[in-house]
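Here the structure is laid out as structure tokens; the discussion comes afterwards.
The values are calculated or read from the model by the stated rules, or taken from the named source; none is laboratory data. What you see is a predicted model; the values in this text were computed from it and never measured. Glycine also receives a Cβ, built like all others from the backbone with ideal geometry; neighbour counts cover every protein chain displayed.
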DNA sequence: GAGTTTTGATGTCAGCACACATCGGTGTCA
DNA sequence: TGACACCGATGTGTGCTGACATCAAAACTC
């Protein structure tokens with residue numbers, strides 16, 4: 001059979017099905033047969049079954065005896081799973097996913113900054129101050145590549161410094177949005193002076209253990225970020241998940 | 001061995017391993033052999049392997065050839081996965097998990113209220129106003145069971161009304177914290193008058209499409225909630241995840 | 001139309017071949 | 001004699017397959 005694969009068959013199967021479901025090629029309600037997937041992917045039952053089990057745990061499919069493997073509606077997918085996020089960013093849902101992430105950031109980062117002011121270890125506070133200064137240097141010099149690196153590390157440190165593992169877990173997704181923003185040219189050629197100052201404000205407020213100051217400065221960064229990005233997803237429809245009647 | 005299982009062997013295997021890892025019975029770095037798990041659970045290889053694949057996708061374990069199945073450190077676990085959250089709530093990590101969820105709520109709900117004011121469909125706005133009034137009735141009457149139901153639905157509607165699928169996905173976890181709070185007697189016997197008023201403020205602000213008013217009122221609710229709950233997790237140590245150097 | 005049987009898919013089991021990281025022995029060279 | 005590189009044995013995850021169990025949808029009977 002096919003040889004010379006660098007990734008495992010399991011990984012390939014999960015990826016294949018995940019991208020096609022999240023990407024919309026396999027619509028909600030679509031039913032597949034395990035046996036059919038075997039020859040479609042040229043793999044054995046074990047590989048298909050293990051992949052389906054993983055997708056099941058992500059809420060992408062359900063298995064029904066005597067019926068097959070059914071694709072679940074999008075509102076059943078776990079929107080926080082890194083795989084699901086990556087698949088959405090790679091497909092049609094990119095715009096909506098970026099908006100969701102940006103709104104989540106705008107909610108979380110101010111609170112993370114406030115918590116970091118109360119809890120972060122000393123070394124992290126100092127690194128944060130150093131990075132905010134380096135960001136200003138890079139920004140004034142117009143060195144956008146270096147600025148992006150510093151920006152990513154800055155926000156990662158704030159999330160990590162909150163001491164909340166759920167916030168810290170968002171580092172990857174935030175990194176994704178920051179790089180995505182510059183790659184897609186949604187970034188001003190020079191960072192706004194205000195934004196540079198706000199980053200320094202956040203760092204110094206955290207260093208000074210002033211929670212509300214840190215929160216307010218972070219909120220300003222988020223408001224500006226949202227304002228910059230909002231036009232690019234104005235056309236994305238919003239989906240309202242029905243609330244289960246108890 | 002045990003018979004009369006209503007759940008599948010796969011489900012049982014995932015549950016068995018998940019609870020023991022998250023609960024701390026299987027420490028970080030502990031290595032298991034697939035074969036050993038087979039006779040520990042009295043199941044076949046396929047069941048063990050499919051369960052391990054699911055746990056792998058949750059970040060709980062990694063498989064290494066020639067070594068076995070190794071338990072990963074807690075900071076590798078997906079803290080947003082419903083299974084992981086449930087296992088943490090059921091075990092040692094309960095306090096830390098409740099704090100994480102409360103902090104996440106305090107970050108998300110004000111922004112969700114703000115977004116709901118801008119986006120929620122008409123019917124949802126009206127139901128929200130109705131529920132806030134019913135909450136006041138139930139609160140004044142001291143009917144705490146009814147109040148809890150209404151409270152849960154209120155916050156679920158706000159999250160749903162935001163039109164952000166990540167926010168809406170937190171409904172389950174928020175419900176968990178609300179019920180947990182009353183079950184564990186951390187709830188005042190009568191709801192605070194202020195809190196009742198703030199809920200009505202949120203509902204009316206959303207109905208009136210006043211985003212900042214809705215956000216501020218929701219933030220007040222969250223501040224009070226955090227203040228009520230904070231004493232119960234004062235002793236929980238915070239964990240700071242190291243930020244990967246790019 | 002209610003109850004029963006048939007059917008066809010997933011669920012589970014057990015055995016095999018293969019890939020490959022680790023360990024220990026062997027051989028070479030200084 | 002000692003240090004180091006090489007190499008094969010070993011064990012364990014990965015993948016494949018045939019067989020049987022289970023159970024719910026669908027067809028059938030009355």
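Any residue at all in segment A:56-71 that is within 16 Å of DNA strand C (Cβ to nearest atom), more than 18 Å from residue B:81 (Cβ to Cβ), within 14 Å of another protein chain (Cβ to nearest Cβ) and assigned to a loop (DSSP other than H, G, I, E, B)? Yes, segment A:56-71 has at least one match. The lone criterion from (1) crowded, with 20+ Cβ neighbours inside 10 Å; (2) at the interface with chain A (Cβ under 7 Å from one of its Cβ atoms) left unmet by residue B:121 is number (1). Output yes when any residue across segment B:186-206 is in a helix (DSSP H, G or I) and within 14 Å of chain A (Cβ to nearest Cβ), and no when none is. Yes, that holds for at least one residue.
Looking at residue B:227, is it in the same structural domain as residue B:122 (by TED's automatic domain parsing) and crowded, with 19+ Cβ neighbours inside 10 Å? No. Mind checking whether some residue in segment B:199-210 is in the same structural domain as residue B:114 (by TED's automatic domain parsing), within 21 Å of the chain's Cα centre (by Cα) and surrounded by fewer than 18 Cβ atoms within 10 Å (Cβ to Cβ)? Checked segment B:199-210: no residue is in the same structural domain as residue B:114 (by TED's automatic domain parsing), within 21 Å of the chain's Cα centre (by Cα) and surrounded by fewer than 18 Cβ atoms within 10 Å (Cβ to Cβ). Kindly evaluate residue B:170 against the criterion of being within 14 Å of another protein chain (Cβ to nearest Cβ) and without any contact (Cβ under 8 Å) to a residue 40 or more places away in the chain. So residue B:170 does not fit the description; no. Of the residues making up segment B:32-43, none is away from DNA strand C (no atom under 14 Å from the Cβ), within 14 Å of chain A (Cβ to nearest Cβ), part of a helix (DSSP H, G or I) and farther than 18 Å from residue A:48 by Cα. Within segment B:21-47, the set of residues being within 11 Å of DNA strand D (Cβ to nearest atom), under 30 Å from residue B:96 (Cα atoms) and surrounded by 14 or more Cβ atoms within 10 Å (Cβ to Cβ) comprises B:32, B:37.
A residue that is away from every other protein chain (no Cβ under 11 Å), touching a helix residue (DSSP H, G or I) at 6+ places or on another chain (Cβ under 8 Å) and within 13 Å of DNA strand D (Cβ to nearest atom) occurs nowhere in segment B:83-95.
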